[in-house]
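The values are calculated or read from the model by the stated rules, or taken from the named source; none is laboratory data. The structure presented is a predicted model; accordingly, all values stated were derived computationally and were not measured. Cβ: placed from backbone, ideal geometry, glycine included. Neighbour counts: every protein chain shown.
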Amino acid sequence: MNHAPPARLLGAALLAMAIAAHAQSTDPLPPETVLVGVPGAPAATEQRFTISTAEDLVVTLTDLQVPAALSSASVVVTQAGSIVGDASLASPATSATFPITGAIGQYVLRVFGEPNASFSVGTYTVCVAPKSSPANCIQSASLAGNISAAAASSHPTVSTLSLTLTVTAAGSYTFTFADDQFPKPLAVAPSLALFQGSQQIALGITSGTALSLSPGTYTLLAVAEADATSQAGLYEISIAAPGGGAPLLSNTYPVGSLAPASEPNNPSAQTLTLTIKDLAFPTALSSALVLASSGATVLGQTSSGSAATPATFAAPAGAVQIWAYAAAGSGAGTYEVDLTSPGGSLLESAGAASTASSLAFAYVTSPVAAGSYQVAATDFQFPSVLPTLEFAVAQQGAIIQQAASASTLNITAAAGPLVILAAATPPATGNGLFDVDVQSGNTLVFDQTQAVSPSDLFATQTINLGASGNYTVSMSDLGFPAQFQSLDLVASSGGVILGKIIGGGSFPISATPGTYQLTFIATPASMQQYGMYSLSIANAAPTVTLSASPTSVTAGAASTLSWTSSNATSCTGTGTGFTGSQSVGSGSLSVSVEATTTFTLTCVGAGGSAAQSVTVTATAAPSHSGGGQLDGPLLGLLTLSLLIRLKRQTGARLGAVGMNLTRRTRKARHLS
């Protein structure tokens, strides 16, 4: 269990960047957008949808004003790393629209805002419909939801809850809830209300109330307040179904700053043992407590200290919720939680409690084999140098070694997880960033970067690259709803910084298979609770396309070569008429082809080189003489035909002469 310090990244989840082995031609992370919110900002709603056939769309955000009008609401639709449209409600209007022209492909729709201050929750709908039929909402793209107030920084002890309940059978449902008094009793007991759409079913529900419900979808709202000292609390809710059926709801919910529970799986109904130990690093805690629950039932709890005893209890099979709370003493402190069964460990986790002047952090590695390891802590000095940084390594509830400054520790570990502890002082102004990693020889076992800031947003994303390659990491501020006051990114691996971005930009990385960290630190614009940026990791290897038109010509005729390239700084061609430097990006050239020729374009960039070839075939032209040349066989045939024709004509003339002589002879004889 790692309790995040006050500075943390909220809002939409960070990018899903699980990266396996990729070919050189693929991008590990195509452009994506991320929406983040400050601590205490209501959580944003996100939905992905796909439009398969190009069409014009219209997006409409509507405030249902249930139970009251929203204080503010915005909807934004993105595609890849760009915003394609957005709209915000402007009082007194209860709806806002924007178009998406020629929509096709995958989109992400997000809604965020603030509820009415008096009700802590508001309801809205978003309709994505064809422009030609704006009331015909596309079901897969449209949604209805709630904007619920989170624990705002001005009211850190107050938490609200909004749950959707689906009733399938009519009958009487009994609502039961109770304060678990962990770590202390609540200052204000839970208050529940039930709605169905815009219809109010019940307000101020008391524990034990039975309500007659018809089949349908309901919204359960709850609000509770922790005591001012611990600023943390816990309560349970159960809704019994009629006839003793499975409960409609059975769960436990945190209040104020109580961190979400760890949920180890208990493989079978058995007796479990729960302990919490103060690791006294860098200083002893004022208190440390842990509680186990299952659904809406408390199983057991215990605390740290010499007089404390482990909690032993019977647990049902399935997920067990482990809730931990710690209060700092004179400075920041850390603790370890263990849950064991007769068969072995079910959970080994750690957490921290911080003060305004000192922040503590705790991480748990995956189980390691027994052996020697190197554990290092590095101050990245980004954006600012940390005034102090100390760290320690613990295992099985005891610290193995510790260091008062950034350095490397050589440890001998037993088989099992390692607990890595760190404590740092925030810079007087700005933010700091450090890294802790565990190596076994040349193998990186664990790597974690951590921002040190009392108020700004941060997040760390681990990337596992399965293939070597040259990549370009890019980030840009999308300026919605306003430009970030500050937006920083650093990429690292094994305590080594690979690149930084301040405000926006890109940098190249040459990656081998392994684990990499992307860490973001951001401050939204003044008076803004949200900010949006885009991120991509693109393959930096050049790409080349080359084509010829036509690909077959008569010898001496022309063909046009056309090409495009990306990620290239220079391109060189080969082949008669194409040899030498060619334009980067795109180009075309007409070449005379005397003989069949293979043309090749090779482009070089920071990420390597790429080449493509195309062959143009040349055919010989026919030979000519006067009206044209005739080949031997054809000439022989024509000559023979002419001789036969002449012979026939000559024979015919000789016959005619003979006939004339005969006539003349006959005539002479007759006269005589």
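Within the stretch 80-98, is there a residue that is modelled with pLDDT of 95 or more, among the aromatic types (Phe, Trp, Tyr) and crowded, with 18+ Cβ neighbours inside 10 Å? Checked the stretch 80-98: no residue is modelled with pLDDT of 95 or more, among the aromatic types (Phe, Trp, Tyr) and crowded, with 18+ Cβ neighbours inside 10 Å. Gln461 passes every criterion in (1) farther than 28 Å from Lys277 by Cα; (2) touching a Ser or Thr at 6+ places or on another chain (Cβ under 7 Å) apart from (2). For the stretch 315-358, a residue qualifies if it is in a strand (DSSP E or B) and within 15 Å of Ser257 (Cβ to Cβ), and the qualifying residues are Trp323, Ala324, Tyr325, Ala326, Ala327, Ala328, Gly351, Ala352, Ala353. Flag set for Ser372, criterion: among the polar types (S, T, N, Q) and either in contact with a Cys (Cβ under 8 Å, 6 or more places away or on another chain) or part of a strand (DSSP E or B) (or both). Checking each residue in the stretch 423-446 for being in a strand (DSSP E or B), within 28 Å of the chain's Cα centre (by Cα) and over 14 Å from Pro367 (Cα atoms) picks out Gly432, Leu433, Phe434, Asp435, Val436, Asp437, Thr443.
Exactly one residue out of Ile83, Ile100 is part of a strand (DSSP E or B) and touching a Ser or Thr at 6+ places or on another chain (Cβ under 8 Å): that is Ile83.
In the stretch 425-440, the residues that are more than 10 Å from Leu386 (Cα to Cα) form Cβ pairs under 7 Å with partners that are surrounded by fewer than 17 Cβ atoms within 10 Å (Cβ to Cβ), at six or more places apart or across chains, as follows: Asp437/Leu444; Gln439/Gln374; Ser440/Gly371. Kindly list the number of the only condition in (1) touching a Lys or Arg at 6+ places or on another chain (Cβ under 7 Å); (2) within 24 Å of Asp86 (Cα to Cα) that fails for Gly504. Answer for Gly504: the failing condition is (1). Applying a threshold of 6 Å to beta carbon distances and a minimum spacing of six or more residues, or different chains, the list of pairs starting in the stretch 299-311 at a residue that is over 15 Å from Glu336 (Cα atoms) and ending at one that is exposed (fewer than 13 other Cβ atoms within 10 Å of the Cβ) and at pLDDT 95 or above is empty. Restricting the search to the stretch 555-569, which residues are loosely packed, with under 15 Cβ neighbours inside 10 Å and modelled with pLDDT under 95? Ala555, Gly556, Thr569, listed by residue number. Taking residues in the stretch 51-67 that are within 21 Å of Ser88 (Cβ to Cβ) and free of Cβ contacts under 8 Å to residues at least 60 places away in the same chain, and partners anywhere that are hydrophobic (A, V, I, L, M, F, W, C) and in a strand (DSSP E or B), not one pair has Cβ atoms closer than 7 Å while being at least 6 places apart or on different chains. Count of the stretch 65-80 residues, restricted to those that are outside any strand (DSSP E or B) and in contact with a Phe, Trp or Tyr (Cβ under 6 Å, 6 or more places away or on another chain), is 2.
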